[in-house]
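K.L.:
Next up is a structure, given as structure tokens.
The values are calculated or read from the model by the stated rules, or taken from the named source; none is laboratory data. Since the model is a prediction, treat every value here as computed from it, not as a measurement. Positions of Cβ are generated from backbone atoms using ideal geometry, with glycine treated the same way; all protein chains shown enter the neighbour counts. To get the accessible areas, we keep the full protein, side chains included, count just its heavy atoms, and leave off ligands, DNA and RNA. Shrake-Rupley method; radii C 1.70, N 1.55, O 1.52, S 1.80 Å.
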Amino acid sequence: MSLTSIEESELPEGDVTVDIAFSTLNYKDALAITGKSPIVKQYPMIPGIDFAGTVSSSTHADFKAGDPVVLNGWGVGEKHWGGLAEKARVSGDWLIPLPKAFSPRQAMAIGTAGYTAMLCVMALEKNGVTPDSGDILVTGATGGVGSIAVALLAKRGYSVTAVTGRSEEADYLKSLGAGNILDRAELSEPGKPLVRETWAGAIDVAGGQVLANVCAGMKYRGVVAACGLAAGMDFPSTVAPFILRGVTLCGVDSVMAPKAERLEAWKRLSEDLDIDLLERMITEIPFEDAIEGASQLLDGKVRGRIVVPVA
Ligand code: NDP
């Protein structure tokens, strides 16, 4: 990947053109930029799975010039040119209005990571988890999805245990609302199919052995929202948690989620996310540093969310 200039006429087809104000680096962007995973489906590609900006021209019925908008997913930054650019041309069906509660910078501090964290919280709730059900486990807690999930759950009154490989970030996690901190190493090794019933709910960004151990420690009828693969793509579990404890494993995908769910997630973020806490999660990097930032994110050197001002 390299930073380069192109003509606006080269932008792909779409009925809405957007002047991008802010983009961000998500885990998937880092995989795309570094080439560590086959995220990019065709080249040349502009990475960036999300952006916030202002419509500059539109023939789509729902949007007109001047409208503030947000985009998450839909294959943007993977198979359609993405958000790490000054302009994007996309289908208006992929856009949602920028929620009034957020500036474009705040919307990208949330980004796809935060919107996915909200989808995970909604998945727990839809399956009956309430603050009275018991403790909720969040893995990858100092990362983007994890940090926002901890803050959202704590605000709603849940008791949250944050799993992290970075014990030095315990104060940060407590400031977001985590009641307890658990060392990632305790969930990283192969364990028994079932262990002591501990968690009423879990949001997992890790997958792999971590997710298997999370499932093994769920309470009867506990619910796990699984959205990530930071520890691995595999799932070395048994059916025991599901058939003996009635555990529910909910897959969460943000890319193709239906529009109604996106609007609901962003509305809930407007209501539930404390802006002061969000500010604590932000590292802002210049556009020129996005390629280097991608490597740092995959190396686990980034806390919270990276925001990239574009305009
Ligand atoms: P980040 O890099 O910001 O956070 C990932 C965190 O995972 C790290 O900060 C680290 O937290 C933890 N981690 C890293 N390596 C391991 C490991 N080997 N075992 C366990 N935990 C580990 O990424 P995001 O928060 O942006 O994304 C997290 C995951 O969610 C990614 O896999 C991403 O692809 C996925 N995702 C999926 C979406 C979907 O639609 N399904 C949407 C958005 C993200 P700590 O140091 O605190 O342990």
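K.L.:
State the answer as a single residue: which of 98, 52, 229 lies farthest towards the positive end of the charge dipole of the chain, with beta carbon charges of +1 for Lys and Arg and -1 for Asp and Glu, about the Cα centre.
P.N.:
229
K.L.:
How far is it, in nm, from the label point at residue 274 to the one at residue 3 when both lie 7 Å from their Cα along the line to the Cβ?
P.N.:
3.5
K.L.:
Further question: Ordered by residue, what ³J(HN,Hα) values in Hz, to whole numbers, does the range 240-249 give under the Karplus form 6.51 cos²θ - 1.76 cosθ + 1.60, where θ = phi - 60° and Gly and Pro are x?
P.N.:
3, x, 7, 8, 9, 10, x, 5, 9, 10
K.L.:
For residue 51, enumerate residues with amide H under 5 Å from its amide H, sequence gap 5+ or separate chain, H modeled in the peptide plane.
P.N.:
71
K.L.:
Please give the solvent-accessible surface of residue 274 in Å², to the nearest 10, using a probe radius of 1.4 Å with every protein chain present.
P.N.:
Counting only protein heavy atoms, the figure is 60 Å².
K.L.:
Kindly write out, for the range 103-113 in residue order, the coupling ³J(HN,Hα) from the Karplus curve 6.51 cos²θ - 1.76 cosθ + 1.60 (θ = phi - 60°), rounded to whole Hz, with x marking Gly and Pro.
P.N.:
Using θ = phi - 60°, the values come out as 7, x, 5, 5, 4, 7, 5, 6, x, 5, 4 Hz.
K.L.:
Counting only heavy atoms of the protein chains, get the accessible area per residue of the range 1-75 (1.4 Å probe) and round it to a whole Å² value. Mind dumping the intermediate values first?
P.N.:
On the way: 3570 Å² over 75 residues.
About 48 Å² of surface per residue is accessible.
K.L.:
Quote the charge dipole size of the range 112-251 about the Cα centre in Debye, to the nearest 20; the model charges only the Cβ of Lys and Arg (+1) and of Asp and Glu (-1). Can you show the working numbers first?
P.N.:
On the way: 11 positive and 12 negative charges, 73 e Å.
Here the range 112-251 has a charge dipole of around 360 debye.
K.L.:
Still on this structure, I have one more. With label points built 7 Å along Cα→Cβ from the Cα atoms of residue 174 and residue 186, find their separation and express it in nm.
P.N.:
Rounded to a tenth, the inter-label distance reads 1.6 nm.
K.L.:
Pop a pseudo-label 7 angstrom from the Cα along the beta-carbon direction at both residue 91 and residue 19 and give the gap in nm to one decimal.
P.N.:
In this crude label model, residue 91 to residue 19 measures out at 2.7 nm.
K.L.:
List every residue whose amide H lies under 5 Å from the amide H of residue 67, counting only residues 5 or more places away in sequence or on a different chain, with H placed 1.01 Å from N in the peptide plane.
P.N.:
Hits under the 5 Å cutoff: 55.
K.L.:
What's the magnitude of the charge dipole for the chain around its Cα centre, counting Lys and Arg as +1 and Asp and Glu as -1 at the beta-carbon? Answer in Debye, nearest 20. Mind showing how you got there, number by number?
P.N.:
Details: 28 positive and 38 negative charges, 185 e Å.
Roughly 900 debye, rounded to the nearest 20.
K.L.:
So if each residue of separation counts as 0.36 nm, and I subtract the Cα-Cα distance between residue 11 and residue 155, what length gain in nm does that give?
P.N.:
Working: separation 144, 0.36 × 144 = 51.84 nm, distance 4.12 nm.
Contour length minus the Cα-Cα distance gives 47.7 nm.
K.L.:
Still on this structure: Would you compute, from DSSP H runs of 4+ residues alone, the mean residue ellipticity of the chain at 222 nm, taking -39500 (n - 2.57) per run and dividing by the full residue count, rounded to the nearest 500? It would help to have the intermediate numbers written out before the result.
P.N.:
Numbers: 9 runs with 94 residues, N = 311.
Dividing the helical sum by the residues of the chain leaves -9000 deg cm²/dmol.
K.L.:
Step through the residues of the range 34-46 one at a time and calculate ³J(HN,Hα) from phi using the Karplus curve (6.51 cos²θ - 1.76 cosθ + 1.60, θ = phi - 60°), rounding each to whole Hz and writing x for Gly and Pro.
P.N.:
Each residue's phi maps through the Karplus curve to give 7, x, 6, 9, x, 6, 6, 8, 7, 10, x, 9, 9 Hz.
K.L.:
In Å², what does the accessible area per residue of the range 112-251 work out to with a 1.4 Å probe? Don't jump to the answer; show the numbers that get you there.
P.N.:
Values: 5620 Å² over 140 residues.
Ligands and nucleic acids excluded, the figure is 40 Å² per residue.
K.L.:
Here is a follow-up. Can you return the lysines within cross-link range of residue 301? Criterion is Cα-Cα under 23 Å, with same-chain partners fewer than 8 residues away left out.
P.N.:
Of all the lysines, those that pass the test against residue 301 - Cα under 23 Å, at least 8 places apart if same chain - are 28, 36, 174.
K.L.:
Pop out the carbon and sulfur fraction of the accessible area of the range 1-148 as a percent, whole number, probe 1.4 Å.
P.N.:
Details: 2920 of 5710 Å².
So the carbon and sulfur contribution to the accessible surface is 51 percent.
K.L.:
Tell me, in nm to one decimal, what length is gained between residue 239 and residue 61 on full extension, where the rule is 0.36 nm per residue of separation less the Cα-Cα distance? Walk me through the intermediate numbers first.
P.N.:
Details: separation 178, 0.36 × 178 = 64.08 nm, distance 4.81 nm.
Here the segment from residue 239 to residue 61 would lengthen by 59.3 nm.
K.L.:
Accessible surface of residue 58 in the full protein assembly, 1.4 angstrom probe, to the nearest 10 Å²?
P.N.:
40
K.L.:
A further question follows. Taking all protein chains as present, what is the carbon and sulfur share of the accessible area of the range 157-311, in % to the nearest whole number, probe 1.4 Å? Each step should come with its number before you reach the end.
P.N.:
Numbers: 3790 of 7340 Å².
Solvent-exposed carbon and sulfur of the range 157-311 make up 52 percent of the total.
K.L.:
On full extension of the chain, what length is gained from residue 132 through residue 301, given 0.36 nm per residue of separation minus the C-alpha to C-alpha distance? Each step should come with its number before you reach the end.
P.N.:
Values: separation 169, 0.36 × 169 = 60.84 nm, distance 3.49 nm.
Here the segment from residue 132 to residue 301 would lengthen by 57.3 nm.
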